[in-house]
Amino acid sequence: MQREQRVKDGKREDHAEHIAPFVFLGENLALDLANTIVPVRGGKTRDVLLTLQDIASWWSQAQAYYREATRVGTLPSCNQETLEALKRLRTALRHLCAVIARQHPLKEADLEELNGLLQLAYPVVVLTEEGKLQPDYQIHEGEHPILLMVALATFHLLTRYDLTRLRACQNAACPLFFYDSTKSATKHWCSVSCKERARSVIRQRRGRAIETATKEK
């Protein structure tokens, strides 16, 4: 009976991964691009940005979470160059997040990819429908807006957020990053389920250690 339940649970997880592979928990568009490397069962990871359609699907879902994504609207057609550039940015973001989460000092080389992308845009002042002045950015012709939006989100993350709250999930099998917005600033796992899985592994290790120690007596 238990084995049948485990099989059902596994199929349910596989189905969930298939229909909703993207994770939005970083509270920042840049963090959620970094989190397109997702955990799967068995302590493995999966890249969910493999095709041009994956980019379009991710961006479509991002619009439900972020105003800057909504402003761009439907993503213009991408090409392979866009996909490769987005994945290079993701690699740079994951490195930045890892360095910050470990509280290691950043180097200028860590910011090269980001600063290169920020040069794609220039600041402007626009009038809102209410007639108020508002800062905005324009992108140089021929560049892709998704890269700029993620670069600007990274700029805001690095300059406006409390970086001591940027965390890597403490589940060793989980590759996700998150921003700890709790009042106590003591969140260590990306989700409750990840926390339970990590604790389950610890309990299993302790159980095996006790069993081994008992046999040796």
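The values are calculated or read from the model by the stated rules, or taken from the named source; none is laboratory data. Bear in mind the structure is a predicted one, so any value in this text is a computation, not a measurement. Glycine also receives a Cβ, built like all others from the backbone with ideal geometry; neighbour counts cover every protein chain displayed.
Observations, loosely collected:
- Unique match (being charged (D, E, K, R), touching a Ser or Thr at 6+ places or on another chain (Cβ under 8 Å) and either modelled with pLDDT of 90 or more or closer than 29 Å to Val48 by Cα (or both)) among Arg165, Arg160, Arg199: Arg165
- For the range 147-202, residues that are surrounded by fewer than 18 Cβ atoms within 10 Å (Cβ to Cβ), among the β-branched types (Val, Ile, Thr) and either within 22 Å of Ala62 (Cβ to Cβ) or under 16 Å from the mean Cα position of the chain (by Cα) (or both) total 1.
Condition check ((1) assigned to a strand (DSSP E or B); (2) among the hydroxyl-bearing types (Ser, Thr, Tyr); (3) within 26 Å of the chain's Cα centre (by Cα); (4) under 28 Å from Gln53 (Cα atoms)) across all residues:
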site: Lys87; (1), (2), (3), (4): no, no, yes, yes
site: Ala92; (1), (2), (3), (4): no, no, yes, yes
site: Pro105; (1), (2), (3), (4): no, no, yes, no
site: Asn115; (1), (2), (3), (4): no, no, yes, yes
site: Pro123; (1), (2), (3), (4): yes, no, no, no
site: Val126; (1), (2), (3), (4): yes, no, no, no
site: Gly131; (1), (2), (3), (4): no, no, no, no
site: Pro135; (1), (2), (3), (4): yes, no, no, no
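- Every residue from the range 45-64 that is within 16 Å of Val150 (Cβ to Cβ), of a type in the set (Ser, Thr, Tyr) and modelled with pLDDT of 90 or more: Ser57
- If you go through the range 38-48 and keep only what is in contact with a Lys or Arg (Cβ under 7 Å, 6 or more places away or on another chain) and in contact (Cβ under 8 Å) with a residue 40 or more places away in the chain, you end up with just Val38.
- Condition check for Glu84: among the acidic types (Asp, Glu), farther than 20 Å from Leu29 by Cβ and free of Cβ contacts under 8 Å to residues at least 24 places away in the same chain: no
- The C-beta contact set for the range 183-197 (first residue without any contact (Cβ under 8 Å) to a residue 60 or more places away in the chain, second residue of a type in the set (Phe, Trp, Tyr), distance under 8 angstrom, 6+ apart or interchain) comprises Lys187/Phe178; Lys195/Trp189.
- Test result for Leu106, in contact (Cβ under 8 Å) with a residue 60 or more places away in the chain, among the hydrophobic types (A, V, I, L, M, F, W, C) and either within 30 Å of Lys44 (Cα to Cα) or in contact with a His (Cβ under 7 Å, 6 or more places away or on another chain) (or both): no
- Near pairs, Cβ below 6 angstrom, 6+ apart or cross-chain, from the range 162-174 (closer than 15 Å to Glu27 by Cα) to any residue that is outside any strand (DSSP E or B) and not hydrophobic (A, V, I, L, M, F, W, C): Arg165/Asp180; Arg167/Asp180
- Among the candidates Ala98, Ala109, Ala153, Ala172, residue that is of a type in the set (Gly, Ala, Ser) and part of a loop (DSSP other than H, G, I, E, B): Ala172
- Residues that are of a type outside the set (A, V, I, L, M, F, W, C) and assigned to a loop (DSSP other than H, G, I, E, B) were ranked within the range 35-64; the one that is surrounded by the most Cβ atoms within 10 Å (Cβ to Cβ) is Asn35.
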